[in-house]
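Asker: Once you've had a glance at the structure underneath, I'll fire off some questions.
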Amino acid sequence: MVRLDDTNKAIIKELRDGRRPYSAIAEDLGITENTVRSRVNRMCEDGILAISALVDPEKVPGIQVVMMGVKLKTMELEEKAKEFCRLRGVFSATVVTGRYDLIVHLLLAESEGLSLLDFFRSELVKIDEVQEVETFVVYQSHNLWVPYCI
(Lines give C-alpha, C1' and ligand atoms only; values in the text may rest on other atoms or scores of the structure.)
Protein backbone atom coordinates (compact mmCIF):
# COMPACT_ATOMS: atom_id res chain seq x y z
CA MET A 1 0.00 0.00 0.00
CA VAL A 2 1.29 3.43 -0.96
CA ARG A 3 1.21 6.21 1.62
CA LEU A 4 0.17 9.68 0.59
CA ASP A 5 2.39 12.50 1.80
CA ASP A 6 1.03 15.97 2.56
CA THR A 7 1.87 17.27 -0.94
CA ASN A 8 -0.01 14.43 -2.66
CA LYS A 9 -3.01 14.96 -0.37
CA ALA A 10 -2.99 18.69 -1.15
CA ILE A 11 -2.81 18.01 -4.90
CA ILE A 12 -5.75 15.59 -4.67
CA LYS A 13 -7.82 18.18 -2.80
CA GLU A 14 -7.01 20.76 -5.48
CA LEU A 15 -8.14 18.30 -8.17
CA ARG A 16 -11.77 18.29 -7.01
CA ASP A 17 -12.20 20.06 -10.33
CA GLY A 18 -10.28 17.63 -12.54
CA ARG A 19 -9.97 20.30 -15.24
CA ARG A 20 -8.01 22.65 -13.03
CA PRO A 21 -4.66 23.53 -14.65
CA TYR A 22 -1.57 22.09 -13.02
CA SER A 23 -0.05 25.58 -13.14
CA ALA A 24 -2.84 26.95 -10.90
CA ILE A 25 -2.47 24.04 -8.47
CA ALA A 26 1.29 24.56 -8.37
CA GLU A 27 0.88 28.27 -7.68
CA ASP A 28 -1.61 27.65 -4.84
CA LEU A 29 0.62 25.02 -3.24
CA GLY A 30 3.93 26.82 -3.80
CA ILE A 31 5.47 24.01 -5.85
CA THR A 32 6.41 23.65 -9.51
CA GLU A 33 3.97 22.68 -12.25
CA ASN A 34 6.30 19.78 -13.12
CA THR A 35 6.04 18.48 -9.54
CA VAL A 36 2.24 18.52 -9.76
CA ARG A 37 2.28 16.80 -13.16
CA SER A 38 4.73 14.08 -12.13
CA ARG A 39 2.96 13.39 -8.82
CA VAL A 40 -0.46 13.18 -10.51
CA ASN A 41 0.94 10.84 -13.16
CA ARG A 42 2.57 8.67 -10.50
CA MET A 43 -0.59 8.46 -8.39
CA CYS A 44 -2.57 7.48 -11.51
CA GLU A 45 0.02 4.81 -12.42
CA ASP A 46 -0.06 3.47 -8.84
CA GLY A 47 -3.86 3.22 -8.95
CA ILE A 48 -4.33 5.77 -6.17
CA LEU A 49 -5.95 8.45 -8.29
CA ALA A 50 -8.32 8.48 -11.24
CA ILE A 51 -9.46 11.66 -12.91
CA SER A 52 -12.82 11.14 -14.57
CA ALA A 53 -16.07 12.81 -15.55
CA LEU A 54 -18.99 12.36 -13.15
CA VAL A 55 -22.64 13.35 -13.48
CA ASP A 56 -25.22 14.45 -10.95
CA PRO A 57 -27.95 11.83 -11.54
CA GLU A 58 -30.67 14.21 -10.36
CA LYS A 59 -29.85 16.61 -13.19
CA VAL A 60 -29.73 14.05 -16.01
CA PRO A 61 -33.26 13.20 -17.15
CA GLY A 62 -34.15 9.53 -17.37
CA ILE A 63 -31.38 8.00 -15.29
CA GLN A 64 -31.79 6.28 -11.98
CA VAL A 65 -29.33 5.22 -9.30
CA VAL A 66 -29.99 1.96 -7.49
CA MET A 67 -28.04 0.42 -4.64
CA MET A 68 -28.35 -3.31 -4.32
CA GLY A 69 -27.51 -5.46 -1.32
CA VAL A 70 -26.33 -8.91 -2.43
CA LYS A 71 -26.08 -12.05 -0.34
CA LEU A 72 -23.97 -14.82 -1.91
CA LYS A 73 -23.76 -18.59 -1.56
CA THR A 74 -19.96 -18.40 -1.69
CA MET A 75 -17.20 -16.70 0.26
CA GLU A 76 -15.34 -15.71 -2.94
CA LEU A 77 -16.46 -12.15 -2.26
CA GLU A 78 -13.69 -10.26 -4.04
CA GLU A 79 -14.08 -12.32 -7.21
CA LYS A 80 -17.86 -11.86 -7.17
CA ALA A 81 -17.44 -8.09 -6.69
CA LYS A 82 -15.20 -8.02 -9.78
CA GLU A 83 -17.78 -10.04 -11.74
CA PHE A 84 -20.50 -7.55 -10.80
CA CYS A 85 -18.29 -4.67 -11.98
CA ARG A 86 -18.27 -6.19 -15.46
CA LEU A 87 -22.07 -5.99 -15.76
CA ARG A 88 -23.68 -3.23 -17.77
CA GLY A 89 -24.86 -0.41 -15.53
CA VAL A 90 -22.70 -1.32 -12.53
CA PHE A 91 -20.34 1.44 -11.47
CA SER A 92 -19.26 0.02 -8.11
CA ALA A 93 -19.31 -3.22 -6.13
CA THR A 94 -17.96 -3.33 -2.60
CA VAL A 95 -17.42 -6.11 -0.07
CA VAL A 96 -19.13 -5.11 3.17
CA THR A 97 -19.97 -6.34 6.64
CA GLY A 98 -23.52 -6.78 7.84
CA ARG A 99 -26.47 -8.61 6.40
CA TYR A 100 -25.18 -8.45 2.80
CA ASP A 101 -21.89 -9.59 1.33
CA LEU A 102 -21.77 -6.90 -1.37
CA ILE A 103 -23.26 -3.51 -2.04
CA VAL A 104 -23.57 -2.92 -5.78
CA HIS A 105 -24.25 0.54 -7.24
CA LEU A 106 -26.13 0.75 -10.53
CA LEU A 107 -26.86 3.51 -13.01
CA LEU A 108 -29.95 2.70 -15.09
CA ALA A 109 -31.81 4.36 -17.96
CA GLU A 110 -34.84 2.93 -19.73
CA SER A 111 -33.99 5.07 -22.78
CA GLU A 112 -30.71 3.09 -23.03
CA GLY A 113 -32.54 -0.24 -22.70
CA LEU A 114 -31.52 -0.77 -19.10
CA SER A 115 -34.33 -0.54 -16.58
CA LEU A 116 -34.11 -2.33 -13.25
CA LEU A 117 -36.12 -5.21 -14.73
CA ASP A 118 -33.76 -5.31 -17.74
CA PHE A 119 -30.80 -5.45 -15.37
CA PHE A 120 -32.29 -8.44 -13.54
CA ARG A 121 -33.23 -10.22 -16.78
CA SER A 122 -30.08 -9.64 -18.82
CA GLU A 123 -27.23 -8.82 -16.42
CA LEU A 124 -27.80 -10.24 -12.93
CA VAL A 125 -28.49 -13.69 -14.38
CA LYS A 126 -24.84 -13.81 -15.52
CA ILE A 127 -23.66 -14.08 -11.90
CA ASP A 128 -23.72 -17.54 -10.28
CA GLU A 129 -24.21 -18.16 -6.57
CA VAL A 130 -26.41 -15.15 -5.84
CA GLN A 131 -28.60 -16.12 -2.92
CA GLU A 132 -30.58 -12.93 -2.36
CA VAL A 133 -30.74 -9.30 -3.50
CA GLU A 134 -32.49 -6.26 -2.13
CA THR A 135 -32.70 -3.06 -4.13
CA PHE A 136 -32.70 0.48 -2.82
CA VAL A 137 -33.84 3.01 -5.43
CA VAL A 138 -32.36 6.45 -4.83
CA TYR A 139 -35.19 9.00 -4.95
CA GLN A 140 -33.16 11.96 -3.79
CA SER A 141 -29.47 12.44 -3.11
CA HIS A 142 -27.12 15.10 -1.87
CA ASN A 143 -23.63 15.34 -3.34
CA LEU A 144 -23.91 12.05 -5.23
CA TRP A 145 -21.85 12.10 -8.42
CA VAL A 146 -21.58 8.98 -10.56
CA PRO A 147 -19.83 7.86 -13.76
CA TYR A 148 -22.10 7.67 -16.80
CA CYS A 149 -21.65 3.95 -17.42
CA ILE A 150 -24.77 2.87 -19.30
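The values are calculated or read from the model by the stated rules, or taken from the named source; none is laboratory data. What you are looking at is a predicted structure, and each value in this text was computed from that prediction instead of being measured. We place every Cβ from the backbone using ideal geometry, glycine too, and count neighbours over all the protein chains shown.
Asker: Starting from residues that are in contact with a Ser or Thr (Cβ under 8 Å, 6 or more places away or on another chain) and part of a helix (DSSP H, G or I), keep the ones in the stretch 3-30 and report whichever is nearest to Asp46 (Cα to Cα). Break it down into steps so the answer makes sense when it comes.
Answerer: Pass one, the stretch 3-30, residues in contact with a Ser or Thr (Cβ under 8 Å, 6 or more places away or on another chain): 7, 18, 26, 29.
Then keep just the ones that are part of a helix (DSSP H, G or I); that gives 7, 26, 29.
Working: Thr7: 16, Ala26: 21, Leu29: 22 Å.
The qualifying residue nearest to Asp46 (Cα to Cα) is Thr7.
Asker: Would you pick out the residues in the stretch 13-39 that are of a type outside the set (D, E, K, R), within 24 Å of Asn143 (Cβ to Cβ) and modelled with pLDDT of 95 or more?
Answerer: Across the stretch 13-39, the qualifying residues are Ala24, Ile25.
Asker: Going through the stretch 50-65 one residue at a time, which ones are under 29 Å from Ile12 (Cα atoms), surrounded by fewer than 18 Cβ atoms within 10 Å (Cβ to Cβ) and of a type outside the set (S, T, N, Q)?
Answerer: Hits for the stretch 50-65 are Ala50, Ile51, Ala53, Leu54, Val55, Asp56, Glu58, Lys59, Val60.
Asker: Checking the structure you have, find out if any residue of the stretch 10-17 is without any contact (Cβ under 8 Å) to a residue 12 or more places away in the chain, surrounded by 15 or more Cβ atoms within 10 Å (Cβ to Cβ) and of a type in the set (A, V, I, L, M).
Answerer: No, the conditions are met nowhere in the stretch 10-17.
Asker: Scanning the stretch 124-147 for residues that are among the hydroxyl-bearing types (Ser, Thr, Tyr) and in contact (Cβ under 8 Å) with a residue 40 or more places away in the chain, which turns out farthest from Met75 (Cα to Cα)?
Answerer: The qualifying residue farthest from Met75 (Cα to Cα) is Ser141.
Asker: If a residue has to be surrounded by 11 or more Cβ atoms within 10 Å (Cβ to Cβ) and either among the aliphatic types (A, V, I, L, M) or in contact with an Asp or Glu (Cβ under 6 Å, 6 or more places away or on another chain) (or both) to count, how many in the stretch 66-85 make the cut?
Answerer: The qualifying residues number 11.
Asker: Could you tell me whether the stretch 73-84 includes any residue that is in a strand (DSSP E or B) and either free of Cβ contacts under 8 Å to residues at least 12 places away in the same chain or farther than 28 Å from Lys9 by Cα (or both)?
Answerer: Looking through the stretch 73-84, none of the residues is in a strand (DSSP E or B) and either free of Cβ contacts under 8 Å to residues at least 12 places away in the same chain or farther than 28 Å from Lys9 by Cα (or both).
Asker: Just to be sure before I move on: is Glu132 touching a strand residue (DSSP E or B) at 6+ places or on another chain (Cβ under 8 Å), loosely packed, with under 15 Cβ neighbours inside 10 Å and modelled with pLDDT of 95 or more in the structure I sent?
Answerer: The answer is yes for Glu132.
Asker: Go through the stretch 41-55 and report how many residues are part of a helix (DSSP H, G or I) and either of a type in the set (S, T, N, Q) or over 30 Å from Ser141 (Cα atoms) (or both). Walk me through it before giving the result.
Answerer: We begin by selecting, within the stretch 41-55, every residue part of a helix (DSSP H, G or I); these are 41-45.
Filter again for either of a type in the set (S, T, N, Q) or over 30 Å from Ser141 (Cα atoms) (or both), leaving 41-42, 45.
Total meeting the criteria: 3.
Asker: Which number in (1) closer than 30 Å to Arg20 by Cβ; (2) in contact (Cβ under 8 Å) with a residue 40 or more places away in the chain marks the one condition that Glu45 misses?
Answerer: Only one criterion in (1) closer than 30 Å to Arg20 by Cβ; (2) in contact (Cβ under 8 Å) with a residue 40 or more places away in the chain is unmet by Glu45, namely (2).
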